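I have placed the structure first, in the form of structure tokens, so that the comments after it can refer back to it.
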Amino acid sequence: METRGGYVSLSMRDLLLDYLECHQIDALALLGKAPSFIEGQVARYPVANFSNDLRKVAEVLGSETVGLDAGQTILPRHAGVLGFVARHSGQLAQALLRLERYSRLVYDGNVMSVSSKGDETTLSWGYQHGRAGQQVDAFLMAALVTQVRQMAGVDLPVNSISFVNPKPATVSRYEEFFRCRVQFDADHTSIGLKSSYLLLPVPNPNTELCAELDEQARQMLAGLPIMSNVEADVRNVLPALIRTDSANLVNVAEKMCCSERTLQRRLRLEGVKFQDVLDKSRLELAQYYLRKPELDVTEVALLCGYAEHSAFTRAFTRWTEYSPSEYRKHLHLSF
């Protein structure tokens, strides 16, 4: 299923045009003029059209890895304000935080989420707004990893990577670039990085410029229309219910003015389960409260809907591989 409502920044198409120019191919003759849309301050291009462009390029070049290859040629200017604000962050952790916050400026399709477990931080995307296809996903993942490596100044290996698409014939090219085993036919498209990498400094940050770019990115993001996302709606409802120990499917469905069955079906279409959304919301709430030194772990457990300290500790350890007390000691690794 192709993504119907998603967009990429028009600068991603510019990257593809630059890639074709390097191969001495008349890009405009091959692809024609882009049917872009200006929304707020962002020039956007439908993902379905971008997927079609990549297909045409693959046919002309006779290559099954055009997305993977073209994505590796990304420069900061291709990511616009997001590329530049990331490059002026102090640490790689801060750069990735901004990537999560402003990712819609570059790719506005399936929602990105970030999670940490043990020494791995994972960026993942479902397919609630459709599947963009292997070429588009490979292009975006290669561009992301290339930017991370450029910012770190080190050719970092990826810890893990998966795609929702079927296994292609050229798996070795993927493993050569990402430098790890690549999984296909997965539930989510995701990239896992060692959390210790997040402490790496980004060379030559500019704090004042970063603040200005942050504000510009916020204004641009505010100008974009909001895509429908049931998971996001559920996550907005959950915190208040969690604090009152009433976070269950019945109450969430009531808050969202729909039946339990309807809510389950809509979540299933987005590739997520209610329990997983609830666990993630509880984890985020717990991490928020554990950052407050005036609260002891028992108080945090109650605020997260656990009547018993031990049940909270078991759940938190299952989610993160750290106990709540250990997590407080490792806060410098979070972002």
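The values are calculated or read from the model by the stated rules, or taken from the named source; none is laboratory data. Predicted model, so just to flag it, every value in this text is computed and none were measured. Cβ: placed from backbone, ideal geometry, glycine included. Neighbour counts: every protein chain shown. We work out accessible area using only protein heavy atoms, side chains counted, and drop any ligands, DNA or RNA first. Shrake-Rupley method; radii C 1.70, N 1.55, O 1.52, S 1.80 Å.
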Notebook entry, point to check: So residue 273 clears everything in (1) of a type in the set (Lys, Arg); (2) free of Cβ contacts under 8 Å to residues at least 12 places away in the same chain; (3) in contact with a Cys (Cβ under 7 Å, 6 or more places away or on another chain) except one condition, right? Which one?
Noted result: (3)
Item checked: Count of residues meeting criterion [open to solvent by less than 20 Å² (accessible area, probe 1.4 Å), farther than 21 Å from residue 320 by Cβ and in a helix (DSSP H, G or I)] in the stretch 84-102 -> 4
Margin query: Can you pull out every residue in the stretch 103-155 that is in contact (Cβ under 8 Å) with a residue 40 or more places away in the chain, of a type in the set (D, E, K, R) and either in contact with a Pro (Cβ under 7 Å, 6 or more places away or on another chain) or not in a strand (DSSP E or B) (or both)?
Written below: 104, 119, 137
Checklist line | Index of the failed condition, residue 222 passing every other in (1) closer than 21 Å to residue 113 by Cα; (2) open to solvent by less than 80 Å² (accessible area, probe 1.4 Å); (3) among the aliphatic types (A, V, I, L, M) | finding: (2)
Check: Out of all the residues in the stretch 80-95, which are closer than 19 Å to residue 12 by Cα and in contact with a strand residue (DSSP E or B) (Cβ under 9 Å, 6 or more places away or on another chain)?
Finding: 80, 82
Checklist line | Out of 176, 64, sole residue that is of a type outside the set (A, V, I, L, M), under 24 Å from residue 18 (Cα atoms) and in a loop (DSSP other than H, G, I, E, B) | finding: 64
Item checked: Condition check for residue 311: among the hydrophobic types (A, V, I, L, M, F, W, C) and either without any contact (Cβ under 8 Å) to a residue 40 or more places away in the chain or within 23 Å of residue 103 (Cα to Cα) (or both) -> yes
Check: Counting only residues that are over 14 Å from residue 239 (Cβ atoms), open to solvent by less than 80 Å² (accessible area, probe 1.4 Å) and out of contact with any Phe, Trp or Tyr (no Cβ under 9 Å at 6 or more places or on another chain), how many does the stretch 270-295 have?
Finding: 3
Margin query: Kindly evaluate residue 169 against the criterion of being touching an Asp or Glu at 6+ places or on another chain (Cβ under 8 Å), open to solvent by 10 Å² or more (accessible area, probe 1.4 Å) and part of a loop (DSSP other than H, G, I, E, B).
Written below: yes
Check: Just a yes or no: is a residue in the stretch 209-229 part of a helix (DSSP H, G or I), at pLDDT 90 or above and over 26 Å from the mean Cα position of the chain (by Cα)?
Finding: no
Check: Has the stretch 122-134 got at least one residue that is surrounded by fewer than 19 Cβ atoms within 10 Å (Cβ to Cβ) and modelled with pLDDT of 95 or more?
Finding: no
Check: What residue, among those in the stretch 67-83 that are assigned to a helix (DSSP H, G or I) and not aliphatic (A, V, I, L, M), is modelled with the lowest pLDDT?
Finding: 76
Next item on the list: Answer yes if at least one residue in the stretch 308-330 is within 27 Å of the chain's Cα centre (by Cα), at pLDDT 85 or above and open to solvent by 70 Å² or more (accessible area, probe 1.4 Å), and no otherwise.
Entry: yes
Next item on the list: Check whether at least one residue in the stretch 20-39 is on the phi < 0 side of the Ramachandran plot, aromatic (Phe, Trp, Tyr) and surrounded by 18 or more Cβ atoms within 10 Å (Cβ to Cβ), and report yes or no.
Entry: no
Checklist line | Cβ-Cβ under 7 Å pairs, at least 6 apart or on other chains, the stretch 161-178 side closer than 21 Å to residue 121 by Cα, far side open to solvent by 10 Å² or more (accessible area, probe 1.4 Å) and aromatic (Phe, Trp, Tyr) | finding: 163/184; 164/127
Item checked: Failed criterion for residue 176 (all others in (1) loosely packed, with under 14 Cβ neighbours inside 10 Å; (2) at pLDDT below 95; (3) over 18 Å from the mean Cα position of the chain (by Cα) hold) -> (2)
Notebook entry, point to check: Pick from the stretch 254-269 the residues that are hydrophobic (A, V, I, L, M, F, W, C) and closer than 21 Å to residue 112 by Cβ: which of them is most open to solvent (accessible area, probe 1.4 Å)?
Noted result: 269
Next item on the list: Name, by its number, the condition in (1) of a type in the set (A, V, I, L, M); (2) at pLDDT below 90; (3) out of contact with any Gly (no Cβ under 8 Å at 6 or more places or on another chain) that does not hold for residue 20.
Entry: (2)
